[in-house]
Amino acid sequence: MPHQVAPAIGLLLAGSTLTAPAQSADHLVSTAEYYEVGGTVLTQYTGGSAVSENNRESRRLRFGGVDSAAAVSGAAQGASQVLYDALDLDRDNPDGSRTLTLGIGPLGATEVPARTLVVGAGEVPIDLDRSGEQVLTLQQRGDGALVLRRRSNDAAVLLGVYPAALPKPFNPTPWQYQGAFRSGQSNVGLPFGYGRGRLFSLAGSDAAARVVWAAEGQDFAVVHAPDGAEATGFLLAADGIALVRTTSDSYWRIDGDQFTALPAAAFTEVAAAFLPRAAAALAAGGRAVALGVSGPRPGEPTKLLVADLGSGQTSTYPLLDDSVPRLESLAWSVADPNQVYLLRTSPWMSPHQADHYLIQSVDARNGSARQVFPASGTSTGWRPRLCPADVG
């Protein structure tokens, strides 16, 4: 499907300044490694409290009144709903398919309604759609391609195919949670984020990385901007708006298949936000970019840069707490468009040590900060990261 070019940048930027009344609390999501033994921890933060699940320690859950070992296999936006798999109740069928017993409920649930889903051989549930009602699955074809589907009962819609010929997906920053937290199985081999009518991923690594996307039912392919340049990095907002930077150092806002050119001067101070390992986040609507910069050495301040794409101004706010100086990842609030969440960690002396971390909220208008989690001090986890587009 050909993309469209927006006729005027003013259409994007009109009324895009960082002001709006606060709404309900955000559901904020992070992932972490499960120490050194493998596995992943999923945590949801809401109103200063946190609840976690991991795929290393099995637990019991009731599915429609029937007790079973359970695994988290996906989550809707902000982990507002979680997909659980009843491992004891899954069964193989004579035709090679598999019948799964699944349940959808809140993180940390003790009982969920049961539903069955028939999937193909090797097809694994990995996520919920934004509504929290339909199940997304991943299956590897015989030619090595990865197939994404959206399933409701026994009906399936093809979402996209990641061809074997594309370089292996690369995901140092999880834009949105994709789980498949099934006991004894690895997590998703295809990291992706939800754009508007598109799925995004990043193929290759470092300097060779290219942004790839797929419209519903299509193969993933490298994103080419209207000027013909390939997209090398991207930011994804919680509402599906994306920004890309290209090989020609042009910048584009993507809404569905519509491209809007953005002035390169607006990104002069935050160009590093498009690097694969950056601590960066995009505000809903593509209004603003936040970039965290860790202090280059002890005693030098960590800082937050906020580029307001409406005014073209970039603000810099020093964050002077040296006890947790490293900015690992950022996420932009959807409840209050002035707030940016920062996950900060302290340096560790050994890779065998857990990180001490905390989550702050910083006002993008003036740099004032407050601690979100824990209420005081720090928490511990192994390589924790916020998912920048997974706020609901």
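Of the solvent-accessible surface of the range 96-184, computed with a 1.4 Å probe and all protein chains present, 52% belongs to carbon and sulfur. Rounded if a/c is under 1.5, else prolate if a/b beats b/c, else oblate: with a ≥ b ≥ c from the C-alpha gyration tensor eigenvalues square-rooted, which is the chain? The shape class here is oblate. The length gained by stretching the chain between Arg60 and Gln313 to full extension, at 0.36 nm per residue less their Cα-Cα distance, is 85.9 nm. Residues within the reach of a label modelled at Ala335 (point 7 angstrom out along Cα to beta-carbon, backbone nitrogen below 13 Å), restricted to the range 36-74, are 45-50. Taking all protein chains in place and a 1.4 Å probe, what share, in percent, of the accessible surface of the range 211-337 do carbon and sulfur account for? Roughly 49 percent of what the probe reaches on the range 211-337 is carbon or sulfur.
Solvent-accessible area per residue in the chain equals 41 Å², computed with a 1.4 angstrom probe and all protein chains kept. Given R₀ = 35 Å, what would the calculated FRET efficiency be for Asn366 paired with Ser49, taking r from the Cβ atoms and rounding to 0.05? Efficiency, rounded to the nearest 0.05: 0.85.
Coordinate range of the alpha-carbon atoms in the range 189-262 per principal axis, descending: 28, 25, 21 Å. Gyration tensor analysis over the Cα atoms of the range 263-391 returns equivalent ellipsoid semi-axes of 24, 15, 14 Å (largest first, whole Å).
Full extension of the segment from Ala272 to Ala164, taken as 0.36 nm per residue of separation minus the current Cα-Cα distance, would add 35.9 nm. The charge dipole of the range 189-262, taken about the Cα centre with unit charges on the Cβ atoms of Lys, Arg (+1) and Asp, Glu (-1), comes to about 100 debye, rounded to the nearest 20.
For Leu136, the residues 5 or more places off, or on other chains, whose built amide H falls under 5 Å of its own are Ile126, Asp127, Leu128, Asp129, Arg151. Other residues with beta-carbon under 9 Å from the beta-carbon of Pro163 carry, at +1 per Lys or Arg and -1 per Asp or Glu, a net charge of -2. Across the range 81-97, rounded Karplus estimates of 3J(HN,Hα) from the backbone phi angles (6.51 cos²θ - 1.76 cosθ + 1.60, θ = phi - 60°) give 9, 10, 9, 10, 10, 7, 5, 6, 9, 5, 8, 7, 10, x, 7, x, 6 Hz, Gly and Pro being marked x. Compute the separation of the alpha-carbon centres of the range 79-103 and the range 262-316 and state it in Å as a whole number. Centre-to-centre distance over Cα atoms comes out at 42 Å. The length gained by stretching the chain between Thr116 and Glu133 to full extension, at 0.36 nm per residue less their Cα-Cα distance, is 4.8 nm. Summed over qualifying helices (DSSP H, 4 residues or more, each -39500 (n - 2.57)) and divided by its residue number, the chain shows a 222 nm mean residue ellipticity of 0 deg cm²/dmol.
The values are calculated or read from the model by the stated rules, or taken from the named source; none is laboratory data. Values in this document were obtained by computation on a predicted structure and should not be read as measured data. Cβ coordinates were reconstructed from backbone atoms using ideal geometry, including for glycine residues, and neighbour counts include every protein chain displayed. Ligands, DNA and RNA are stripped out before the accessible areas are found, and what is left, the full protein with its side chains, is counted by its heavy atoms. Shrake-Rupley method; radii C 1.70, N 1.55, O 1.52, S 1.80 Å.
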